[in-house]
Each structure stands twice: as C-alpha cells, then as structure tokens.
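The values are calculated or read from the model by the stated rules, or taken from the named source; none is laboratory data. None of the values given here were measured: they were computed from a predicted structure. All Cβ positions, glycine included, derive from the backbone under ideal geometry; neighbour counts span all protein chains shown.
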Amino acid sequence: MHQLFPFLLLLFLSGNPNSNPGSNPIAESSEPERHMNEAGSNVLFARSTFAHGYRHGYEEGYHAGNVDINMGRPAHTRLSQLHGLSLGYAPQFGPRKSFEAGFREGLKAGYSDGYAGRVFRAVDTLRLVAASLTEAPVPADPRNMYFDQGFSSGYNDGVRPVQSDGASVSNSDSRSANCGQLPSAAEKDQAARQSFCQGYERGRLLGHVDALALGTERGSMQALK
C-alpha cells in the first residue's frame, strides 16, 4: 500500500483539468508549522513522522469532506478526485515516505468524518495516543526510527478489525497486544525493541479508534489508496 503513494502524488501533480494552469493540486505548505506546538500531541509528532503526517492528512481530509457534503456533492472514493490538498511536509519532520503514509491514512479518516458531519476528533484522539509519552527517545533509537516504524505498523494492524459490539478501545486494550512484526535489528536489541513496541502500541490504539469511528465506511474508503 505504502508503495502506491508516490505514484498517487504524481497523479495529483499532473493537475486538475479545471484548475489554473501551472498550479499543483497538492503542494508543500509555506505556512508556519502549527502542529509541533500543539499541546498534548506535539510530543507524539516529535517521535513519529507517520503520526505527524496523519495529523496533516486528517485536517486536509476533514475540510474536503465538509466542503463536499455542504455543496451537495457525492462522496469521493479516489484520491485522484481530491484537489488543492496541502501535504505540508518539511524535511525536518523526518522521512518523507513515512509522512506521506500517515497523511494518506489521516486523509481517509478525516474525509469520512467531515463528509459524515462528525466532530473533528483528531486533536483529542492524538492527545489520548500521546498520553504519558516522553519526547526523549531511548538511546538505542536516537532518531526515533524504530518508534515510527512501530507506530505505522501498529496503525495498520489496529485499523483492520472493526468491533461489532461498539465497545470502546482503551490504552490497556492496546497495551495487551504483542508488537507485531519486529524489524530484524530490533529483535536483537532489547532497547530498540522497547522503542518499536512503544510506537506499535500507540499506533495500534489510533488504528482501533479509526476502525470504531468509521465502521463500515472504512471499507468504502479503501479506494482512497
């Protein structure tokens, strides 16, 4: 899935026939970064590029979905149908590929919430995910590489199942799980494993929350790949 996003960006950059010549449907943002100062969740964005990209994508998607429903338009089912998006990436955030992957997942969740008229939940949800997290990485993971890999892996695992009983997901539910597929280097290094698992648990929680919030809509949004 992640490998498709660079190709989709090319589709975005190819332009909308109805847009102004020379303009990019999706572009880097020139605005100052706000999310790194967002109380309660900024510590998470400092540790996970994927989570930071998710925050950007959710905001863009929510706005697009809200505009579409208020204009009486049918819901979009393909990323190539969404134009004027701002990726908002900067190199200092971390690996671009991870940011783009998070952006895509946030975009899908945000668009579904915006189109359905649900509340903008990304801020509260990410604060929950970031609870008790410290900004300082473990010594074995100074660039937060394992934490970020764990977060994206946990999200992908957590978003798959949709509970039919509507039960809420708590931090304790998430922390009872194993850490999924560990990178080979993390398997051999206990400290790196700890960082990966810490990211995995939190990413899995975010995935669970999205799965519960979106329910059957999640299936219809899979076309937004």
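Starting from residues that are modelled with pLDDT of 80 or more and more than 27 Å from Gln198 (Cα to Cα), keep the ones in segment 20-61 and report whichever is surrounded by the fewest Cβ atoms within 10 Å (Cβ to Cβ).
Once the filter is applied, the top-ranked residue is Glu60.
Based on this model, can you work out whether Leu128 counts as in a loop (DSSP other than H, G, I, E, B) and within 16 Å of Glu201 (Cα to Cα)?
no
Read through the list (1) under 14 Å from the mean Cα position of the chain (by Cα); (2) under 16 Å from Gly88 (Cα atoms), then give the number of the only condition that Arg34 fails.
Going through (1) under 14 Å from the mean Cα position of the chain (by Cα); (2) under 16 Å from Gly88 (Cα atoms) one by one, Arg34 breaks only (1).
Rundown of residues vs (1) at pLDDT 85 or above; (2) under 16 Å from Ala213 (Cα atoms), yes/no style:
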| site | (1), (2) |
| --- | --- |
| Lys97 | yes, no |
| Gly106 | yes, yes |
| Val129 | yes, yes |
| Tyr146 | yes, no |
| Gly166 | no, yes |
| Val169 | no, yes |
| Asp173 | no, no |
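Would a scan of segment 50-60 turn up a residue that is in contact with a Leu (Cβ under 9 Å, 6 or more places away or on another chain), part of a loop (DSSP other than H, G, I, E, B) and either in contact (Cβ under 8 Å) with a residue 40 or more places away in the chain or farther than 24 Å from Leu212 by Cα (or both)?
Within segment 50-60, not a single residue is in contact with a Leu (Cβ under 9 Å, 6 or more places away or on another chain), part of a loop (DSSP other than H, G, I, E, B) and either in contact (Cβ under 8 Å) with a residue 40 or more places away in the chain or farther than 24 Å from Leu212 by Cα (or both).
Just to check your reading of the model, which residue among Gly88, Gly150 is part of a loop (DSSP other than H, G, I, E, B), of a type in the set (Gly, Ala, Ser) and either at pLDDT 95 or above or buried (at least 22 other Cβ atoms within 10 Å of the Cβ) (or both)?
From the options Gly88, Gly150, the qualifying one is Gly88.
Take the residues of segment 112-125 that are part of a helix (DSSP H, G or I), over 16 Å from Ala211 (Cβ atoms) and not hydroxyl-bearing (Ser, Thr, Tyr): which is nearest to the chain's Cα centre (by Cα)? Give the derivation first.
At the first step, the residues of segment 112-125 found to be part of a helix (DSSP H, G or I) are 112-116, 122-125.
Those left that are additionally over 16 Å from Ala211 (Cβ atoms): 114-115, 123-124.
Next cut, not hydroxyl-bearing (Ser, Thr, Tyr) only: 114, 123-124.
Numbers: Gly114: 16, Val123: 12, Asp124: 14 Å.
Here the residue is Val123.
Which residue, of Tyr58, Tyr54, Tyr111, is over 17 Å from Leu205 (Cα atoms) and hydroxyl-bearing (Ser, Thr, Tyr)?
Values: Tyr58 fails: over 17 Å from Leu205 (Cα atoms); Tyr54 fails: over 17 Å from Leu205 (Cα atoms).
Only one candidate passes the filter, namely Tyr111.
Taking Thr134 as meeting all but one of (1) of a type outside the set (Lys, Arg); (2) crowded, with 17+ Cβ neighbours inside 10 Å; (3) under 26 Å from Ala192 (Cα atoms), write down the number of the exception.
For Thr134, the exception is condition (2).
List the pairs whose first member sits in segment 84-109 and is within 22 Å of Arg121 (Cα to Cα), whose second member is part of a loop (DSSP other than H, G, I, E, B) and aliphatic (A, V, I, L, M), and whose Cβ atoms are under 6 Å apart, counting only residues at least 6 apart or on separate chains?
Pairs that qualify, where the first residue is within 22 Å of Arg121 (Cα to Cα) and the partner is part of a loop (DSSP other than H, G, I, E, B) and aliphatic (A, V, I, L, M), are Lys108/Leu224.
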